[in-house]
Amino acid sequence: MKRTIKIGKGTIELKDTYEVLIERTVTKFGTGAKVDCPKEYLGRKVYLLIR
């Protein structure tokens, strides 16, 4: 499937195949921030959407 992203005023439409959708909270990490996810996804390409 071809990946497509449509961004409108206040909306986003992302068409792609995916295995799972994970919702997490960004946490402090030193002078930056991080998002935790299971290590089974190490090396995988991901999308990080900020709402």
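Here, each number is a calculation from the coordinates, and none is a lab measurement. Fair warning: this is a prediction, and the values are worked out from it, not measured in the lab. Note that each Cβ is placed from the backbone with ideal geometry, even for glycine, and that neighbours are counted across all protein chains shown.
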When every residue in the range 1-18 that is touching a Lys or Arg at 6+ places or on another chain (Cβ under 9 Å) and among the charged types (D, E, K, R) is compared, the one surrounded by the fewest Cβ atoms within 10 Å (Cβ to Cβ) is Lys2
Counted residues in the range 28-38 being over 15 Å from the mean Cα position of the chain (by Cα) and assigned to a strand (DSSP E or B) come to 3
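Could you check the range 17-51 and list, in sequence order, the residues that are touching a residue at least 24 places away in the same chain (Cβ under 8 Å) and in contact with a Phe, Trp or Tyr (Cβ under 9 Å, 6 or more places away or on another chain)?
First, the residues of the range 17-51 that are touching a residue at least 24 places away in the same chain (Cβ under 8 Å): 47, 49.
If the condition is that a residue be touching a residue at least 24 places away in the same chain (Cβ under 8 Å) and in contact with a Phe, Trp or Tyr (Cβ under 9 Å, 6 or more places away or on another chain), then Tyr47 is the only one that fits.
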